Structures are given as C-alpha cells and as structure tokens.
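Structure first, commentary second.
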Amino acid sequence: MPKYTYNDSEGSIPAVPGGDYILGVEKIYLKNKKNSMIQQICAELRVLPLNSDAQGPLLYEYFGFDANQQWAIDVFLKALKRQPSAKGAEIDINDEWLKSTVQNSLGWATLKTEEYEGVQKNRVARWITTVDAKHPDPYPIFYPDQAKQAPATKAAPPAAGSTDF
C-alpha cells in the first residue's frame with residue numbers, strides 16, 4: 001500500500017511578477033462556453049523558466065470564434081509560430097488539429113497579475129509575435145537538438161517558468 005506524508009501545502013504554484021515570459025502549451029482543446037453550446041479554444045499554458053529549475057504557474061486562456069474575437073486567435077498562433085502560411089487560409093479547427101499543430105508549442109507573452117478570490121493569478125496581457133534580442137526564438141532554448149523551430153508534435157518542453165523569477 002502506498003504511503004503519504006501530509007505537508008500542509010498550499011496547493012498551487014504562486015503567480016510570477018508581471019513581465020515577459022516564454023509560455024508552453026501543455027494542453028489545448030475545444031470546449032463549450034459555460035451554459036452554452038458555443039465552442040471556444042481552451043489553452044492550458046505553463047510559464048517556462050529560463051533561469052530556474054522550479055516549475056512555473058499554469059494559466060488558462062480562452063479564444064472564441066466570434067468575428068470580433070478572431071484577431072486573438074491570429075495573434076496567439078503568430079506568437080507560437082503556428083499560423084497558416086498565407087493570409088486568408090481557412091483552418092478547420094478541431095481537437096486533432098489543435099493537438100498536432102499547437103500543443104507543445106512555445107511563445108513569448110507579457111503577463112500581468114490579477115487577484116481572484118484573494119489569490120494572485122497570472123493572465124496574458126499580450127502575445128509577443130516578433131523575435132528580437134529581448135525575445136529570442138524559444139525553440140532552440142527548449143529543443144537544443146532540434147531544428148530552429150521544433151515541430152509541435154515533439155515531446156513537451158520542460159515544465160517550468162520564466163526569465164525573471
């Protein structure tokens with residue numbers, strides 16, 4: 001029989017300070033909006049640390065398919081380098097496409113902290129879609145033996161946090 005030792009843990013990884021971080025897509029799937037039959041994309045994102053072995057917090061982002069929200073999907077896919085090759089390309093988004101194309105992808109985002117029910121949580125303030133000196137391509141960092149941009153079907157990146165904690 002397995003044994004367990006009670007450690008009085010708090011039960012979650014604390015939020016990181018606001019700033020720019022690499023996020024890894026741990027899970028991504030379609031889900032109905034609460035009390036609705038309208039589908040949305042749910043992305044479970046992990047803050048990945050560059051200077052620490054600690055695991056970063058998990059956060060959730062939701063993307064709707066309404067005409068006035070589709071820009072958010074564009075920016076999300078561009079930040080992960082998973083956008084279609086041509087403007088106007090139509091994608092049949094389903095769970096299989098999300099898992100094979102987007103899951104395990106990496107991208108830079110600016111995070112902010114918000115308080116929810118007395119607990120500090122991270123939220124994406126904006127996705128960073130350009131690679132520059134401050135925001136280098138994250139794929140060689142987490143996939144050093146792979147080509148410049150690792151395919152989304154490779155093993156998940158290390159489960160851990162940010163550049164600043």
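The values are calculated or read from the model by the stated rules, or taken from the named source; none is laboratory data. Worth saying up front: this structure is predicted, and the values here are computed from it rather than measured. Here the Cβ is made from the backbone with ideal geometry for all residues, glycine too, and neighbour counts use every protein chain on show.
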On the given criteria, is TYR62 among the hydroxyl-bearing types (Ser, Thr, Tyr), touching a Cys at 6+ places or on another chain (Cβ under 8 Å), under 28 Å from TYR143 (Cα atoms) and touching a residue at least 60 places away in the same chain (Cβ under 8 Å)? no
Starting from the stretch 131-142, take each residue that is part of a loop (DSSP other than H, G, I, E, B) and list its partners that are of a type in the set (Val, Ile, Thr), counting only C-beta distances under 6 angstrom and pairs at least six apart or across chains. HIS135/ILE128; ASP137/VAL131
What number of residues within the stretch 101-117 satisfy the criterion of being loosely packed, with under 13 Cβ neighbours inside 10 Å and out of contact with any Lys or Arg (no Cβ under 8 Å at 6 or more places or on another chain)? 2
Being at pLDDT below 90 and not aliphatic (A, V, I, L, M): is that true of PRO157 here? yes
Go through the stretch 31-61 residue by residue and tally those that are farther than 27 Å from THR130 by Cα and not small (Gly, Ala, Ser). 8
Flag for GLU26 being over 22 Å from ILE141 (Cα atoms), out of contact with any His (no Cβ under 8 Å at 6 or more places or on another chain) and surrounded by 15 or more Cβ atoms within 10 Å (Cβ to Cβ): no
Determine if the stretch 89-99 includes at least one residue that is in contact with a helix residue (DSSP H, G or I) (Cβ under 9 Å, 6 or more places away or on another chain) and either loosely packed, with under 15 Cβ neighbours inside 10 Å or closer than 18 Å to LEU48 by Cα (or both). yes
Give ALA109, ALA89 a once-over and let me know the one that is modelled with pLDDT under 95 and aliphatic (A, V, I, L, M). ALA89
